[in-house]
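A short write-up of the structure that comes next.
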Amino acid sequence: MSGHFAGCLTDKRGVNLKMAEAIVYTTPTWPYCKYVKEFLNREGVSYQEKNVAQDRAAANHMVQLTGQM
């Protein structure tokens, strides 16, 4: 995957990824969560925020996806 969010970002099948909504798993105390949200907002990328400190199901799903807690 390559490209810039402002341009046409596609996967190897040619699917336009700019149209997909990102999911950002966050905690209120981790500064990188804030940085990533600022970046996505600045680039005009829509995303759904899931606060894993408050949402146990989101936390479990994040661990299933990444193997990290």
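Each reported figure results from applying straightforward, stated rules to the coordinates on display, with no laboratory input. Note that the structure is predicted; figures quoted are calculated from it, not measured. Methodologically, a virtual Cβ is constructed for each residue, glycine included, from the backbone with ideal geometry; neighbour enumeration extends over all protein chains shown.
Long-range amide H contacts for Glu49: which residues qualify at under 5 Å (H placed 1.01 Å from N, peptide plane, sequence gap of 5 or more or a different chain)?
Residues meeting the criterion, in which the H sits 1.01 Å from N, are Val24.
In the neighborhood of Ala59, defined by Cβ-to-Cβ distances under 14 Å, what is the net charge if each Lys or Arg adds +1 and each Asp or Glu adds -1? Mind showing how you got there, number by number?
Working: positive: Lys50, Arg56; negative: Glu49, Asp55.
Result for the neighbourhood of Ala59: 0.
Roughly what would the spin-label model give for Ser46 and Glu21, points 7 Å off Cα along C-beta, in nm?
Using points 7 Å along Cα→Cβ, the separation is 0.6 nm.
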